[in-house]
Structure formats: structure tokens, C-alpha cells
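Here's the structure we're looking at; comments come further down.
The values are calculated or read from the model by the stated rules, or taken from the named source; none is laboratory data. Since this is a predicted model, take the numbers as computed values, not measurements. Note: ideal-geometry Cβ built from the backbone for every residue, glycine included; neighbour counts use all protein chains shown.
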Amino acid sequence: MRYLFAVIANRTGEVLADHDEMTAIDSFNEKIEAAGQRIMAAGIATPDQAVVFDFRGTRDSITHGPVVDSDLFMAGFWIIEAENDSVAHALAAEASKACNRPIEVRPFLR
């Protein structure tokens, strides 16, 4: 089963990982890559660089900035493969420790 691990950052804190965090993230990535669990991982731009397109029905809207304005935001993600929730949750705990940020876990819909 696939899971999204959203890396949660805080606008008032450090957004980019420091050297020690990057080293730990690289080690975590190597581990899950070797185990065949890593599908994809990436950091993403801050919310101030978001653009929202809403062209549903008769709408014709392009808005600069995030959909939800909050101090917390997704700063990156992993997409991983795990056999069950328990394995995914254990990996999320490791990911959180590696990147020194909260991780929100969501399973992919089947």
C-alpha cells in the first residue's frame, strides 16, 4: 500500500533543513530506497509561491498564495510503499526524527 508522508514546517521556524538534518534525511532515504519502499521524495516551495487555479463550473479564478493561510504548511513529502499501517507509521516516526519536523501520514485511496 502507498502512503504520503507530508513534512510539516512552521513559517516561524527554519524551513530548510540544516546540514545535520540533510545528512539524516539522506540516510533515511538510502534505507527506504534499499528496502524498495521509496517511491518518490521532494522538498517543495513555500506557500507564498503557491498559485491556486479554480475553473470549476463558471468560475474563472487564479489566486496567488496558498488555499489555506496557516503558520503550518507542507514543506516536502515522501511517497512510500509499506505492507500496512504499522510499518508506515514506524517509518513516519523515523522520517520525523530524520528531518526534525512533524510528518502527516495519509494512505493512498485504493
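If the condition is being outside any strand (DSSP E or B), exposed (fewer than 15 other Cβ atoms within 10 Å of the Cβ) and modelled with pLDDT of 95 or more, then segment 61-95 contributes E83, N84, D85, S86, H89, A90, A93.
Residue-by-condition table, conditions (1) within 16 Å of S27 (Cβ to Cβ); (2) within 14 Å of the chain's Cα centre (by Cα):
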| residue | (1), (2) |
| --- | --- |
| A50 | no, no |
| F55 | no, no |
| F73 | no, yes |
| W78 | yes, yes |
| V87 | no, no |
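Can you run down the residue pairs with Cβ atoms below 8 Å, 6 or more apart or on separate chains, where the first is in segment 17-28 and touching a residue at least 12 places away in the same chain (Cβ under 8 Å) and surrounded by 11 or more Cβ atoms within 10 Å (Cβ to Cβ) and the partner is of a type in the set (D, E) and in a helix (DSSP H, G or I)? Sorted first by the residue in segment 17-28, then by its partner, the pairs are F28/E94.
On inspection, L72 fails the criterion of being without any contact (Cβ under 8 Å) to a residue 24 or more places away in the chain and of a type outside the set (G, A, S).
Within the option set E81, E21, being within 17 Å of L4 (Cα to Cα) and among the charged types (D, E, K, R) holds for one residue only, E81. In the set G57, G43, only one residue is closer than 20 Å to R101 by Cα and either modelled with pLDDT of 95 or more or among the small types (G, A, S) (or both); that residue is G43.
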